[in-house]
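Worksheet: the structure to be examined is printed underneath.
The values are calculated or read from the model by the stated rules, or taken from the named source; none is laboratory data. None of the values given here were measured: they were computed from a predicted structure. With ideal geometry, Cβ positions are generated from the backbone for all residues, glycine too; neighbour counts draw on all protein chains shown. We work out accessible area using only protein heavy atoms, side chains counted, and drop any ligands, DNA or RNA first. Shrake-Rupley method; radii C 1.70, N 1.55, O 1.52, S 1.80 Å.
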Amino acid sequence: MNPDYLDPINALNMPEMADTTFATDFLIRAKEGVRNTAIALTETASPDARALLRNQLRQGIAMHQEISDLMMRKKWFHPYELNEQYQLDQLSANNTVMIGQMNLFPEDTGRKGLFDRTPDEHIRGNQA
């Protein structure tokens with residue numbers, strides 16, 4: 001692995017990896033929404049609130065299905081091919097470890113020399 005995170009070679013395939021990550025997170029959030037709505041539905045006594053929650057539950061399930069279908073079409077999710085899904089999960093875990101090992105915060109964090117003047121140089125006298 002190239003430890004220089006500013007090197008453009010490290011950005012190779014990054015948009016696709018970001019899209020995959022965002023879609024996976026969206027799928028997880030949709031699933032959580034369906035679960036939470038179903039729980040709320042079982043705890044609600046008001047007929048009007050139950051009708052509202054049933055409608056919201058249907059919409060949540062439909063959204064989860066749309067996200068799943070998109071991810072399967074893009075080959076980002078393989079719910080019926082466990083070997084392929086396992087390989088994707090391993091790749092994701094390896095990428096996470098590699099990103100975690102990058103030196104994103106170098107020891108020298110001084111900002112001297114990055115600016116053409118001091119912040120309050122333009123103000124005269126004691127106004128600063």
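In the complete set of protein chains, residue-level accessible area for Lys31 is approximately 110 Å², probe 1.4 angstrom.
Modelled spin labels at Gln90 and Asp19, positioned 7 Å past Cα toward Cβ, are 2.5 nm from each other.
With the full set of protein chains in place, find how many percent of the accessible area of the range 13-101 is carbon and sulfur; take the probe as 1.4 Å.
Numbers: 3890 of 6750 Å².
Looking at the range 13-101 in its full context, I get 58 percent from C and S.
With both labels modelled 7 Å from their Cα along Cα-to-Cβ, the Leu41 to Asn83 distance reads 3.8 nm. Note on Leu12 and Ile28: the model spin-label points, each 7 Å out from Cα along the C-beta direction, lie 2.8 nm apart. Which one, Asn36, Ala51, His78, is farthest towards the positive end of the dipole of the range 13-101 when Lys and Arg carry +1 and Asp and Glu -1 on their Cβ? After comparing all options, I get Ala51.
The figure for Thr96 is an accessible area of roughly 90 square angstrom, using a 1.4 Å probe on the protein chains alone. Accessible-area rank, largest first, for Val97, Val34: Val97, Val34, with all protein chains present and a 1.4 angstrom probe. Take every pair of alpha-carbon atoms less than 8 Å apart whose residues are at least six positions apart; their mean separation over the length of the range 13-101 yields a relative contact order of 27 percent.
Which order do Tyr80, Tyr86 take when ranked by solvent-accessible area (1.4 Å probe, heavy atoms of all protein chains), largest first?
On the way: Tyr80 190, Tyr86 135 Å².
Largest to smallest exposure gives the sequence Tyr80, Tyr86.
Working note: Karplus 6.51/-1.76/1.60 with θ = phi - 60° gives the range 29-38 the couplings 5, 5, 5, 4, x, 4, 4, 5, 5, 5 Hz, where Gly and Pro are set to x. The dipole here belongs to the range 31-100: it is taken about the Cα centre, uses +1 on the Cβ of Lys and Arg and -1 on the Cβ of Asp and Glu, and is about 160 debye. Measuring with a 1.4 angstrom probe and ignoring ligands and nucleic acids, Arg50 comes out at about 80 Å² accessible.
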